[in-house]
Amino acid sequence: EPAARAADVWKVYGEGEARVSALRGVSVEFARGRFTAIMGPSGSGKSTLMHCLAGLDSVTRGEVYIGATKLTGLGDAGLTKLRRTQVGFIFQQFNLLPTLTAHENILLPLAIAGRKVDKEWFRTVIDAVGLGDRLDHRPAQLSGGQQQRVACARALVSKPEVIFADEPTGNLDSRTGAEVLGFLRQSVHDFGQTIVMVTHDANAASHADRVVFLADGQIVHDMANPTADGVL
Ligand code: ADP
Ligand code: ADP
């Protein structure tokens with residue numbers, strides 16, 4: 001079974017004159033251990049699709065699955081639990097808590113979910129993300145690239161079914177962005193992590209091994225990215 005799946009998903013906002021069909025019958029599967037970029041012009045439905053897949057927004061029609069779990073009909077408590085246990089998030093703005101150290105930020109989702117830390121896995125993630133002696137620094141003492149690495153580690157440490165990354169390089173210069181994307185790609189390759197990234201940046205998308213294009217609420221292209229395959 002895929003890590004995440006949308007089946008004939010429709011999303012309609014508003015009513016009457018204000019009615020907008022943000023998604024119009026989107027069906028797409030995200031296989032485990034793959035890194036997919038979702039591209040498309042502004043307003044094409046990228047954020048809406050990500051929010052529906054991640055259980056942040058309800059669908060108007062159709063079905064969404066994370067692993068074997070069907071999201072439709074889960075209810076708010078069920079969706080919150082699903083987001084906390086099976087989904088990781090990486091944001092453009094990093095979204096780290098300023099009063100916590102990098103180390104504490106990385107462990108926060110596990111703490112909120114009341115889950116135990118697998119120390120060996122934590123070590124593996126920390127070593128891979130390359131934060132070295134910066135673990136005890138607060139976000140303000142870290143560069144943008146380092147902050148996004150902390151956010152990547154935070155997403156990885158709970159071993160989510162899928163990580164959703166929303167313009168993860170939008171606040172980084174191109175070199176730092178490429179480093180972060182290289183790390184995400186490495187986590188797909190080394191740990192079998194599944195990542196779905198929304199971006200309008202073709203450079204960022206070139207790090208993914210598959211690119212799905214949305215236009216006007218529908219998938220118009222879906223292709224393997226030959227340049228990314230076999231790079232690592
Ligand atoms: P993208 O992420 O590709 O820029 P969005 O998913 O944000 O696209 O938006 C898709 C369409 O849905 C746009 O026409 C947008 O204006 C509309 N839309 C998004 N969110 C809302 C909302 N909360 N209420 C009404 N319309 C919305
Ligand atoms: P909280 O723990 O504040 O109640 P939730 O449990 O609802 O938040 O959210 C779980 C995960 O979903 C968190 O990792 C959070 O960052 C993410 N999240 C919540 N709301 C949004 C949103 N509007 N957009 C993107 N991610 C969100």
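The values are calculated or read from the model by the stated rules, or taken from the named source; none is laboratory data. Please read all numbers here as calculations on a predicted model, not as lab measurements. Cβ atoms come from the backbone with ideal geometry, glycine included; neighbour counts cover every protein chain shown. The area values use the complete protein model at the heavy-atom level, side chains included, leaving out ligands, DNA and RNA. Shrake-Rupley method; radii C 1.70, N 1.55, O 1.52, S 1.80 Å.
Things worth noting here:
- Residue in the range 177-192 that is within 13 Å of the chain's Cα centre (by Cα) and of a type in the set (D, E, K, R) present: yes
- Residue in the range 51-70 that is within 13 Å of ligand 2 (Cβ to nearest atom), in contact with a helix residue (DSSP H, G or I) (Cβ under 8 Å, 6 or more places away or on another chain) and under 14 Å from VAL157 (Cβ atoms) present: no
- When the range 46-73 is filtered for residues that are out of contact with any Cys (no Cβ under 9 Å at 6 or more places or on another chain) and over 18 Å from THR85 (Cα atoms), the ones remaining, listed by number, are LYS46, SER47, THR48, LEU49, THR60, ARG61, GLU63.
- Residue within the range 150-158 that is over 17 Å from the mean Cα position of the chain (by Cα) and either open to solvent by 50 Å² or more (accessible area, probe 1.4 Å) or within 23 Å of ALA204 (Cα to Cα) (or both) present: no
- Selection within the range 90-113: residues that are farther than 25 Å from THR169 by Cβ and of a type in the set (A, V, I, L, M). The member of this set that is surrounded by the most Cβ atoms within 10 Å (Cβ to Cβ) is LEU110.
- Scanning the range 52-89 for residues that are within 19 Å of GLN193 (Cα to Cα) and either more than 16 Å from ligand 1 (Cβ to nearest atom) or open to solvent by 50 Å² or more (accessible area, probe 1.4 Å) (or both) gives TYR65, ILE66, GLY67, ALA68, THR69, LEU82, ARG83, ARG84, THR85, GLN86, VAL87, GLY88.
Conditions (1) on the phi < 0 side of the Ramachandran plot; (2) among the aliphatic types (A, V, I, L, M), marked per residue:
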| position | (1), (2) |
| --- | --- |
| LYS11 | yes, no |
| ALA22 | yes, yes |
| GLY25 | no, no |
| GLU29 | yes, no |
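- Among the residues of the range 108-146, those that are hydrophobic (A, V, I, L, M, F, W, C) and more than 16 Å from ligand 2 (Cβ to nearest atom) comprise VAL117, TRP121, PHE122, VAL125, ILE126, ALA128, VAL129, LEU131, LEU135, ALA140, LEU142.
- Contact map, the range 72-89: residues that are closer than 14 Å to ARG154 by Cβ paired with residues that are open to solvent by less than 50 Å² (accessible area, probe 1.4 Å) and within 16 Å of ligand 1 (Cβ to nearest atom), Cβ distance under 6 Å, separation 6+ or inter-chain. Pairs shown: ARG83/GLY55; VAL87/ALA54; PHE89/PHE164.
- Filter result (closer than 20 Å to HIS200 by Cα, open to solvent by less than 10 Å² (accessible area, probe 1.4 Å) and within 16 Å of ligand 2 (Cβ to nearest atom)) within the range 1-44: ILE38
- Near pairs, Cβ below 6 angstrom, 6+ apart or cross-chain, from the range 157-178 (at pLDDT below 95) to any residue that is buried (at least 23 other Cβ atoms within 10 Å of the Cβ) and in a strand (DSSP E or B): none
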